[in-house]
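Undergrad: Sharing a structure with you now.
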Protein chains: 2
Amino acid sequence: MNILVTGGAGFIGSHLDDALLEQGHEILCVDDLSLGSEDNIRHLLGNRNFHFHRMDITKGNALSDLMKDKNVQCVFHLAANSDIQQGAVNPAIDLERTFMTTYKVLEAMRLNGVKDLVFSSTSAIYGEKAKAIPEDEGPLQPISLYGAAKLCSESYISAYCHNFGIRAWICRFPNVVGDRSTHGVIYDFVRKLNQDPKRLEVLGDGKQHKPYIYVKDLVSGILFCWQNSHELLNVYNLGVDSETTVTEIAEIVVDEMGLKDVELAYTGGDRGWKGDVPFFAYDLNKVHALGWSASRTSNEAVRHSVRMFLANRKK
Amino acid sequence: MNILVTGGAGFIGSHLDDALLEQGHEILCVDDLSLGSEDNIRHLLGNRNFHFHRMDITKGNALSDLMKDKNVQCVFHLAANSDIQQGAVNPAIDLERTFMTTYKVLEAMRLNGVKDLVFSSTSAIYGEKAKAIPEDEGPLQPISLYGAAKLCSESYISAYCHNFGIRAWICRFPNVVGDRSTHGVIYDFVRKLNQDPKRLEVLGDGKQHKPYIYVKDLVSGILFCWQNSHELLNVYNLGVDSETTVTEIAEIVVDEMGLKDVELAYTGGDRGWKGDVPFFAYDLNKVHALGWSASRTSNEAVRHSVRMFLANRKK
């Protein structure tokens, strides 16, 4: 199958490239390298089934032309702004990078008769919730601009499915950790501890607790849903049943870096930044019933990611 | 209070102007007159509390400048593409007219510290549902591009409330009928019967059944929610408990036009067009509990609107 992956040089996108190539597909990897990096796909550049196109998909007709030229049959759309905190400073970022990218993908698919779309959505569309939420419940009241732009994307995907015969798989991700990640709490903690190995600033009270999924588990879940669910619009929460507190992440990072007697200095409050949520839990019954579950727990995912991150930094 | 009404020369917007002026507010009516009309506000042009500004709010900083110059305290945002069927032909219309108008309003409010927003949303955000839905339930899977763009607007409003201290009232409307309406099923039926008083083409099988609310009832509901609900984000379904079939609408129009022996020619199928839903029902418990309900039933609303429409055409 000829598959186009937007954001294919990004953290999750590049792991998805790996998995799709292993399944024997031909991959058109599209990325503007604003957040993605050639380092993530360097190992694939010699593969004859892998083709990289540096492209800003929001500009002009380049994406549509590529779909037409290369006879694309399926799109995995992962391109988005992944710096959630930036969204609250400048709302135009998520509008352009997280929503308009989706609109451009949908229009290019409509104009070229491309029928299958797999989309990376997020737990952030649920906003702040007191309990684990199944896929078909509401309300959907995102509190971050990133979550808002992802819910916009889901809305448009739903309407395109019903109006233009597109089939879609919407996978909602929790926090994702693993090698090639270039931001997030693990990244921040390592950077801070390199600067000051005696004191670690922790945003909030450290009690924020969320499920963290290992990136390869996530990719296996995405592919499982795509291959085993056959509705017009297939929506799945992907995640792990367990969770990790921010303090636990700090302790794992300190431990893996071989540090001792590090003071954890909390900035206080129940959340790290405006738009953050203090805790989050998914209802995973739907994807478990389909036959998939993650291989690593949240704590295992965090510890493994810290190890990979530290090992890669030493190279 | 200095209140800005976008889409203020439109069908619903102009009735809202009337009601807000009656309450003693100063009204800045903004409209690009692409769908609205000066006819709808001509009776207000001499009122010293009413100020009309012809403006495309998606262009440049005109809206933001106006908010600043006039010390706007509250925005009623009604500007949108109201031609739902057009959205499926050209998706850019609802993106620009239904969603980007909302984004521009939110940005202008953020930049000028305007805190209160009342927004006209729609039943179309729920998509196709088997039962009446309360405000806090999902899934939200719109099937029209119009519904998608309204859900995008709600998403962004939610995020702006949580990030930038804006308070919002989101009122979800069903089908709205009444004088000054320039499209929709009543308008179409009258037009068709003027062309051929013996035969009326009815889209679908005529069994589509939905609640229709009279425009002045709707406006009273919007103002009631705004004045009596005080959360950060207040979401209400507005509507009537009763409903009307498309065949009943046809019969009411035929009756009010004084016609006899009109053949109703159904195009068939369970819906009028792609993106239409065969039936729709709201759960109105929340707004009823707040203390508001509509004064006219769905059938009364339809008959009264047909009468007003015919009377205005004769002028």
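Undergrad: Hey, can you grab everything whose amide H is under 5 Å from the amide H of A:Leu200? Only 5+ residues off in sequence or another chain; H modelled, so Pro and N-termini drop out.
TA: Residues meeting the amide H criterion: A:Glu263, A:Leu264, A:Ala265.
Undergrad: Further question on the same structure: I'd like the orientation of helix B:298-314 relative to chain B: the angle between its Cα long axis and the longest Cα principal axis, in ° from 0 to 90, rounded to 10.
TA: 90 degrees
Undergrad: Apply the Karplus curve 6.51 cos²θ - 1.76 cosθ + 1.60, θ = phi - 60°, to the phi angles in region B:100-109 and return the couplings in whole Hz, x for Gly and Pro.
TA: After applying 6.51 cos²θ - 1.76 cosθ + 1.60, I find 5, 4, 5, 4, 5, 4, 4, 5, 5, 5 Hz.
Undergrad: Would you mind checking which residues have amide H under 5 Å from A:Thr122's amide H? H placed 1.01 Å from N; only 5 or more apart, or other chain.
TA: It is A:Phe173, by chain and number.
Undergrad: From the C-alpha gyration tensor of region B:50-113, pull out the three semi-axes of the equivalent ellipsoid (sqrt of 5λ each), sorted largest to smallest, in whole Å.
TA: Sorted largest first and rounded, they come to 25, 12, 10 Å.
Undergrad: Also, quick follow-up: Would you mind classifying region B:120-174 by shape? Square roots of the alpha carbon gyration tensor eigenvalues, ordered a ≥ b ≥ c; an a/c under 1.5 is rounded, otherwise it is prolate if a/b is larger than b/c and oblate if not.
TA: Prolate, because a/c is 1.5 or more and a/b exceeds b/c.
Undergrad: While we're here: How would you rank A:Thr182, A:Thr102, going from fewest to most other Cβ atoms within 10 Å of each one's own Cβ?
TA: Lowest count first: A:Thr182, A:Thr102.
Undergrad: Additional query: State, to one decimal in nm and shortest first, how far the label point of A:Arg199 sits from each corresponding label point in the other identical copies (label point: 7 angstrom along Cα-to-Cβ).
TA: In nanometres, ordered from closest: 8.7.
Undergrad: Using the Cα atoms of chain A, I'd like the radius of gyration and the largest Cα-Cα distance, Dmax, both in angstrom.
TA: In Å, with Rg to one decimal and Dmax whole: 19.1, 60.
Undergrad: Something else now. Which is farthest toward the positive dipole end of the protein assembly as shown among A:Val72, B:Leu218, B:Asn285, measuring Cα position about the Cα centre, with Cβ charges +1 (Lys, Arg) and -1 (Asp, Glu)?
TA: So the residue we want is A:Val72.
Undergrad: Under Stokes-Einstein, with the Kirkwood radius over Cα pairs standing in for Rh, what whole-number D in µm²/s applies to region B:188-315 at 37 °C and 0.692 mPa s?
TA: It diffuses with D of about 202 µm²/s by this estimate.
Undergrad: Defining the label point at 7 Å along Cα→Cβ, can you sort the distances from B:Asn285 to the same site in each other copy, shortest first, in nm?
TA: 2.0
Undergrad: OK, next. Sort A:Tyr103, B:Tyr160, B:Tyr266 so that the residue with the fewest other Cβ atoms within 10 Å of its own Cβ comes first and the one with the most comes last.
TA: With the fewest neighbours first, A:Tyr103, B:Tyr160, B:Tyr266 line up as B:Tyr266, A:Tyr103, B:Tyr160.
Undergrad: Between the helical axis of B:215-228 and the dominant principal axis of chain B, each derived from Cα atoms, what acute angle in degrees is found, rounded to the nearest 10?
TA: Between the helix axis and the principal axis of chain B, the angle is about 30 degrees.
Undergrad: Take the Cα atoms of the protein assembly as shown, find their three principal axes, and give me the spread along each one in whole Å, biggest first.
TA: 87, 51, 41
Undergrad: I want the antiparallel fraction of DSSP beta bridges within chain B, as a percent rounded to 5.
TA: Antiparallel bridges: around 5 percent, rounded to the nearest 5.
Undergrad: If you take each beta carbon of peptide A:162-174 and count the beta carbons of other chains within 10 angstrom, what is the mean?
TA: Partner-chain Cβ atoms within 10 Å, mean over residues of A:162-174: 2.
Undergrad: When the Karplus curve 6.51 cos²θ - 1.76 cosθ + 1.60 is applied with θ = phi - 60°, which whole-Hz ³J(HN,Hα) does each residue of region A:277-294 get, with x for Gly and Pro?
TA: 3J(HN,Hα) across region A:277-294, in whole Hz: 10, x, 7, 7, 9, 9, 8, 9, 4, 5, 6, 5, 5, 6, x, 10, 8, 6.
Undergrad: Taking the Cβ of each residue in B:Asp205, A:Asp69, B:Asp94 as the centre, tally the other Cβ atoms inside 10 Å and list the residues starting with the fewest.
TA: The most exposed by this proxy come first: A:Asp69, B:Asp205, B:Asp94.
Undergrad: Quick check: net charge around A:Val254, other residues with Cβ under 10 Å of its Cβ, Lys/Arg +1 and Asp/Glu -1?
TA: Net charge around A:Val254: -3.
Undergrad: Counting other Cβ atoms within 10 Å, keep those with at most 10, restrict to DSSP loop, and tell me which trypsin sites (Lys or Arg not before Pro) in region A:1-77 are left.
TA: A:Arg48, A:Lys59
Undergrad: Moving to a separate point now. Report, as a whole number in µm² per second, the diffusion coefficient that Stokes-Einstein gives for region B:99-214 at 10 °C and 1.306 mPa s using the Kirkwood radius over alpha carbon pairs.
TA: Roughly 95 µm²/s, to the nearest whole number.
Undergrad: Then there is this: Is the shape of region B:1-87 rounded, prolate or oblate, going by the alpha carbon gyration tensor and its root eigenvalues a ≥ b ≥ c, with a/c under 1.5 for rounded and a/b larger than b/c for prolate?
TA: Oblate, since a/c reaches 1.5 and b/c is not below a/b.
Undergrad: Then there's this: Placing a label point 7 Å from Cα toward Cβ, how far apart in nm is B:Asp69 from its equivalents in the other copies, listed shortest first to one decimal?
TA: 4.8
Undergrad: How big is Rg to Rh over region B:138-202, alpha-carbon atoms, Rh as the Kirkwood inverse-mean-distance radius?
TA: Looking at region B:138-202, the ratio lands at 1.20.
Undergrad: Which cross-chain or sequence-distant (5 or more) residues have an amide H under 5 Å from the amide H of A:Trp169, H modelled 1.01 Å from N in plane?
TA: Under 5 Å from the amide H of A:Trp169 lie the amide H atoms of A:Leu117, A:Val118, A:Phe119, A:Asn234, each far enough along the sequence or on another chain.
Undergrad: If contacts are Cα pairs under 8 angstrom and at least 6 residues apart, what is the relative contact order of chain A in percent?
TA: 18 percent
Undergrad: If only Cα atoms are counted, what is the Rg of region A:28-73, and what is its Dmax, in Å?
TA: Rg then Dmax for region A:28-73, in Å: 11.3, 30.
Undergrad: Same structure again: Cα extents of region B:210-269 along the three principal axes, largest first, in whole Å?
TA: Cα extents, longest axis first: 53, 28, 15 Å.
Undergrad: Using only the Cα atoms of region A:24-171, what are the Rg and Dmax in Å?
TA: 16.0, 49
Undergrad: Using a 10 Å cut-off around each Cβ of peptide A:102-114, what is the average number of partner chain Cβ atoms that fall inside?
TA: Across A:102-114, the average partner-chain Cβ count within 10 Å equals 1.
Undergrad: Give me the percent of DSSP beta bridges within the protein assembly as shown that run antiparallel, rounded to the nearest 5.
TA: Counting DSSP beta bridges with both partners in the protein assembly as shown, the antiparallel share is about 5 percent.
Undergrad: Okay, next question. Pop the C-beta distance of B:Asn61 and A:Asn90 into the FRET formula with R0 = 22 Å and round what comes out to the nearest 0.05.
TA: 0.85
Undergrad: Could you check the simple spin-label distance between A:Ala265 and A:His288, using points 7 Å along Cα→Cβ, in nm with one decimal?
TA: Result: 4.2 nm between the two label points.
Undergrad: Treating only the Cβ atoms of Lys and Arg (+1) and Asp and Glu (-1) as charged, compute the dipole magnitude of region A:24-115 about its Cα centre; round to the nearest 20 debye.
TA: Charge dipole, region A:24-115, about its Cα centre: 340 debye, nearest 20.
Undergrad: Quantify how strongly other chains surround peptide B:142-151 by giving the mean number of their Cβ atoms within 10 Å of each of its Cβ atoms.
TA: 5
Undergrad: Rounded to whole Hz and in sequence order, give me ³J(HN,Hα) for region A:244-249 from the Karplus expression 6.51 cos²θ - 1.76 cosθ + 1.60, θ = phi - 60°, writing x for Gly and Pro.
TA: Each residue of region A:244-249 in turn: 9, 7, 5, 4, 4, 4 Hz.
Undergrad: Another question about this same structure. Hey, what angle do you get for helix A:185-195 against the long axis of chain A, alpha-carbon based, 0 to 90 degrees rounded to 10?
TA: Once rounded, one gets 50 degrees.
Undergrad: If the only charges are +1 at each Lys and Arg Cβ and -1 at each Asp and Glu Cβ, what is the size of the charge dipole of region A:137-202 around the Cα centre, to the nearest 20 debye?
TA: For this selection, approximately 160 debye.
Undergrad: In a GNM of chain A with a 10 Å cut-off on Cα contacts, which of A:Leu193, A:Leu95, A:Leu145 has the highest mean-square fluctuation?
TA: Checking each option, the largest mean-square fluctuation is seen for A:Leu193.
Undergrad: Now a separate question. Answer rounded, prolate or oblate for region A:257-312, using the Cα gyration tensor with square roots of eigenvalues a ≥ b ≥ c: rounded when a/c is under 1.5, else prolate when a/b is larger than b/c, else oblate.
TA: Oblate is the answer for region A:257-312, as a/c is 1.5 or above yet b/c matches or exceeds a/b.
Here, each number is a calculation from the coordinates, and none is a lab measurement. As the structure is a computational prediction, the values presented were derived from the model and not from experiment. Heads up, the Cβs are rebuilt from the backbone with ideal geometry, glycines too, and the neighbour counts pull from every protein chain shown.
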